[in-house]
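Structure first, commentary second.
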Amino acid sequence: MTTIARTAVSELRSNRLTLVGALIVAVLGFVAIVGPLIVPYEPAAQDLSNRLQGPSLAHPLGTDQLGRDVATRLVYGARVSLGIAILVTALRVLIGTTVGMVAGYAGGWVDELFMRLVDVQLAFPGLVLALVVAGILGPSLRNVMIALAVVGWTTYARVVRGSVLTIKERKYVDVARLVGTPRLRLFRRHLLPGVVNPVIVIATLNLGTVVLATAGLSFIGLGAQPPTPEWGTMLAGGRQYVRSAWWIVNAPGVAIMLTVLGFNLLGDGLRDALDPKQQARVEEV
């Protein structure tokens with residue numbers, strides 16, 4: 001392990017809030033992977049004779065308006081929400097990093113074209129643009145993923161471009177070019193390692209943001225459709241029972257809050273440990 005890596009690990013271990021965030025994320029990941037294998041009910045199984053039952057030993061988080069076990073749907077919802085967040089963030093990283101590296105390295109009209117495209121997209125509020133895209137494509141989880149990926153790659157492009165502009169002026173990059181290093185190898189060995197840290201930080205913060213945005217779009221009917229056990233859909237289905245059956249909305253609401261909190265705490269810790277100088281740029285995510 002290098003000195004930089006040891007310093008980063010030591011910084012992460014000494015930050016209690018980061019450890020709390022990591023613990024929350026780890027628990028959520030465990031629930032998403034293992035939970036559906038051990039819960040005793042099916043997420044869509046209805047039992048109208050037990051509808052709107054409060055928390056009990058048989059149903060730790062109660063049942064909803066159709067007699068479905070809320071805890072079971074919450075567990076399956078963790079797999080849906082985290083899976084979407086990971087896929088959307090991966091698409092954002094791929095698109096944004098590619099655009100940023102090409103723009104920063106090529107310069108000239110290529111850089112100008114890509115950055116003006118980024119500026120045009122940033123002129124529109126991200127969630128509003130996602131609403132428009134999802135509304136045009138139609139309500140479904142796949143279309144929500146496309147909408148969120150389309151509107152979220154610009155931050156990566158700007159940060160990566162800035163890093164590449166700095167790195168490509170260093171002497172070792174000039175030497176690599178002079179000795180005839182192939183461009184793909186130059187990208188892989190000299191430019192890409194320099195943008196990994198800020199991309200990891202932004203991606204970690206984005207995971208919580210995507211979970212929240214997915215739940216929001218599903219809540220208004222543009223995302224997951226019933227009976228899919230997605231947290232936003234669960235909130236939408238139980239909103240009329242807030243007073244009579246508070247557990248229906250409180251359970252997914254708390255799950256969303258903890259997920260966003262966990263990723264934010266972890267992302268802040270990673271930012272401080274991996275590259276504190278990136279703080280100002282990452283805070284715009």
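Considering the range 63-82, the residues that are of a type in the set (S, T, N, Q) and under 14 Å from residue 40 (Cβ atoms) include one that is farthest from the chain's Cα centre (by Cα), namely 63. Among the residues of this structure, residue 210 counts as one that is within 23 Å of the chain's Cα centre (by Cα), modelled with pLDDT of 90 or more, in a helix (DSSP H, G or I) and crowded, with 20+ Cβ neighbours inside 10 Å.
From the set of residues in the range 169-206 that are at pLDDT 80 or above and in contact with a Phe, Trp or Tyr (Cβ under 7 Å, 6 or more places away or on another chain), which is surrounded by the most Cβ atoms within 10 Å (Cβ to Cβ)? Checking each candidate, the answer is 202. Of the residues making up the range 95-112, those that are within 15 Å of residue 169 (Cα to Cα), open to solvent by less than 30 Å² (accessible area, probe 1.4 Å) and of a type in the set (Gly, Ala, Ser) are 103, 104, 107. Taking residues in the range 203-221 that are without any contact (Cβ under 8 Å) to a residue 40 or more places away in the chain and under 20 Å from residue 136 (Cβ atoms), and partners anywhere that are among the hydroxyl-bearing types (Ser, Thr, Tyr) and crowded, with 23+ Cβ neighbours inside 10 Å, the pairs with Cβ atoms closer than 9 Å and at least 6 places apart or on different chains are 219/233.
Collect the residues in the range 49-79 that are closer than 25 Å to residue 263 by Cβ and in contact with a Ser or Thr (Cβ under 7 Å, 6 or more places away or on another chain), keeping them in residue-number order. Residue satisfying the conditions is 70 alone.
Could you tell me whether residue 224 is open to solvent by less than 10 Å² (accessible area, probe 1.4 Å), outside any helix (DSSP H, G or I) and either touching a Cys at 6+ places or on another chain (Cβ under 6 Å) or farther than 27 Å from residue 95 by Cα (or both)? Answer is no for this residue. Scanning the range 130-146 for residues that are open to solvent by less than 70 Å² (accessible area, probe 1.4 Å) and part of a helix (DSSP H, G or I) yields 130, 131, 133, 134, 135, 141, 143, 144, 145. Within the range 159-168, identify whether any single residue is open to solvent by 10 Å² or more (accessible area, probe 1.4 Å), more than 25 Å from residue 268 (Cβ to Cβ) and modelled with pLDDT under 80, and answer yes or no. Within the range 159-168, one or more residues are open to solvent by 10 Å² or more (accessible area, probe 1.4 Å), more than 25 Å from residue 268 (Cβ to Cβ) and modelled with pLDDT under 80.
Could you check how many residues of the range 244-285 are modelled with pLDDT of 85 or more, open to solvent by 50 Å² or more (accessible area, probe 1.4 Å) and touching a helix residue (DSSP H, G or I) at 6+ places or on another chain (Cβ under 7 Å)? Looking only at that region, the number is 3.
Tell me whether the range 130-147 contains one or more residues that are at pLDDT 80 or above, among the polar types (S, T, N, Q) and within 30 Å of residue 269 (Cα to Cα). No, the range 130-147 contains no residue that is at pLDDT 80 or above, among the polar types (S, T, N, Q) and within 30 Å of residue 269 (Cα to Cα). If you check 117, 87, 127 for being open to solvent by 40 Å² or more (accessible area, probe 1.4 Å), modelled with pLDDT under 90 and closer than 30 Å to residue 237 by Cα, only one passes: 127. Just wondering, is there one or more residues in the range 61-74 that are closer than 30 Å to residue 255 by Cα, part of a helix (DSSP H, G or I) and among the polar types (S, T, N, Q)? Looking through the range 61-74, at least one residue is closer than 30 Å to residue 255 by Cα, part of a helix (DSSP H, G or I) and among the polar types (S, T, N, Q).
The values are calculated or read from the model by the stated rules, or taken from the named source; none is laboratory data. Because the structure is a prediction, the values reported are computed rather than measured. All Cβ positions, even for glycine, are placed from backbone atoms using ideal geometry, and neighbour counts span all protein chains on display. Surface accessibility is based on the protein's heavy atoms, side chains included, excluding ligands, DNA and RNA. Shrake-Rupley method; radii C 1.70, N 1.55, O 1.52, S 1.80 Å.
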